[in-house]
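Structure, as structure tokens:
Taken together, the values in this text are just the output of simple stated rules run on the coordinates, not laboratory data. Given the structure is predicted, the values throughout are model-derived calculations rather than measurements. With ideal geometry, Cβ positions are generated from the backbone for all residues, glycine too; neighbour counts draw on all protein chains shown.
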Amino acid sequence: MAAAIWLARHGNSKEEIKDYIVREFGYDLSRTCDEIRPGYHHVETCQQTVPEAITAFLEGTDFEDVIRTAVSLGGDCDTLTCIAGSMAEAMFGVPLLFEAECKARLPEELRAVLERFDEARGHTMPKPEYDLGDNSGITDAIDA
């Protein structure tokens, strides 16, 4: 995953990333998400999680699409989404609205740590000029 993220951060195309992963690590990335989805189930091995996450990344058109595609595979979808999302962030960045919403949900002490980390790496998020709106539906779903 580190190699894929590094390649994405350094401007390599998805095809170049795919070729590198197949060549260097021997992963079979020939299946599509539509082919993976019907028989996929919760698996705790990297051999049956990482290739699927890479495939979701390769098929996604932007950050949100990669996340949705990874979740749609089912199984251990939080792990799949974390892996695919890491690659998507490296290639596309995280949409400002998503970043703001996630940061708003952090406890103050964790938000302060993240802000110091962002400053150290030269990444400062502009203050949103929009109202994040009523997210009671999201909060209710999380609570449930």
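Points worth noting:
- Ranked from largest, the principal axis spans of the Cα set of the chain equal 43, 37, 24 Å.
- Between Ala104, Ala84, Ala53, the Gaussian network model of the chain with springs among Cα atoms under 10 angstrom shows the greatest mean-square fluctuation at Ala104.
- Placing +1 on the Cβ of every Lys and Arg and -1 on the Cβ of every Asp and Glu, with nothing else charged, gives the stretch 2-92 a dipole about its Cα centre of roughly 120 debye.
- Order of Phe63, Phe117, Phe25 - criterion: other Cβ atoms within 10 Å of each residue's Cβ, fewest first: Phe117, Phe25, Phe63
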